[in-house]
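Participant: What follows is a structure written as structure tokens; I'll ask about it next.
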Amino acid sequence: MTGTPKRMHRAGAGTALLGAGFVYLAAEAAAANAWKALPYSYRTNWISDLGAPVAGVFHGREVDSPLHALMNAGFLADGMLFLVGAILLARSTPAKRATGFLALAAAHAAGMILVGLVPETAPAPTASLHLLGALLAIGGGNLAIMLAPRRVPPPGRRPSGGMVLGLVGLAGFLALTAGGAIFPHLLASAGPGLVERLSVYPITAWELLTGLALLVASRKSRR
């Protein structure tokens, strides 16, 4: 592969990943700002509350998200842009673990699409698809960034931040799932929304940081 295709793949991957991170954060902020029930809490409210189309009490929480369609569109766009960025990233950098990385990126994308298409307030048994989507999105996303190609872009200069971010995200994911089942009162005290974001935001941070690094590398190589 010549330098030009590599540079184009890096630029495309960087643009897609930056877009994924910005679209998600913008949709979340807009939907939270438009919340109508009580003031939306990043600490106590689940992220999926923002995508719920039904206003009312859900699992003991007041849910009322006028911009639920925007939040769900953000979920969909984030997942698809993440997958596009992952494919282009794998093409731009030789990596032995590219297959595993792409499989996990696809799992994350599928999970985000499920979360966006099936809201948490969907009737049973359809609602189980939302839970499956959340598991795929959070688990697959954190594992994917841990397996992402590390030579991005200068080989051997520094360790991959994806490994650290992924470990933080998986710790949050474990606290959210197993910890919530074993110590529900502790999860409630810490704030389920805060713990959930501890498992989600590392993926978003990786999208933004990696996207920026790829665009900078593409610009340098062009010079």
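Every number in this text was worked out from the coordinates using simple rules, so none of it is lab data. All of these numbers come straight from a predicted model, not from anything done at the bench. As a convention, Cβ positions derive from the backbone with ideal geometry for all residues, glycine included, and neighbour counts pool all protein chains shown.
Participant: Which one, Ser92, Leu208, Pro123, projects farthest toward the positive side of the charge dipole computed for the stretch 3-222 from Cβ point charges (K/R +1, D/E -1)?
Facilitator: Checking the options against the dipole of the stretch 3-222, the answer is Ser92.
Participant: Measure off 7 Å from each Cα along the Cα-to-Cβ vector at Lys220 and Leu208, then give the distance between these two points in nanometres to one decimal.
Facilitator: 2.2
Participant: While we're on this one: Helix 161-174: angle to the longest alpha-carbon principal axis of the chain, degrees 0 to 90, nearest 10?
Facilitator: Orientation of helix 161-174: about 20 degrees from the principal axis.
Participant: Can you tell me the relative contact order of the chain? Whole percent, Cα pairs under 8 Å, sequence separation 6 or more.
Facilitator: 27
Participant: Hey, got the dipole for the chain? About the Cα centre, +1 on K and R Cβ, -1 on D and E Cβ, debye to the nearest 20?
Facilitator: Once rounded to the nearest 20, the dipole reads 1620 debye.
Participant: At what distance in nm do the modelled label points of Leu186 and Val54 sit from each other, each positioned 7 Å from its Cα along Cα→Cβ?
Facilitator: 3.3
Participant: OK, next. Less than 18 Å from a label point 7 Å out along the Cα-to-Cβ axis of Lys36: which backbone N atoms in the stretch 43-60 qualify, by residue?
Facilitator: Answer for this model: 49-58.
Participant: Quick check: pseudo-label points 7 Å beyond the Cα along Cα→Cβ at Val168 and Leu25, how many nm apart are they?
Facilitator: 1.3
Participant: Of Ile145, Val57, Asn33, which is farthest towards the positive pole of the chain's charge dipole, taken about the Cα centre with +1 and -1 on the beta-carbons of Lys, Arg and Asp, Glu respectively?
Facilitator: Ile145
Participant: What is the local net charge at Ile47, summed over the other residues whose Cβ is closer than 9 Å to its Cβ (Lys, Arg +1; Asp, Glu -1)?
Facilitator: Net of charged neighbours comes to -2.
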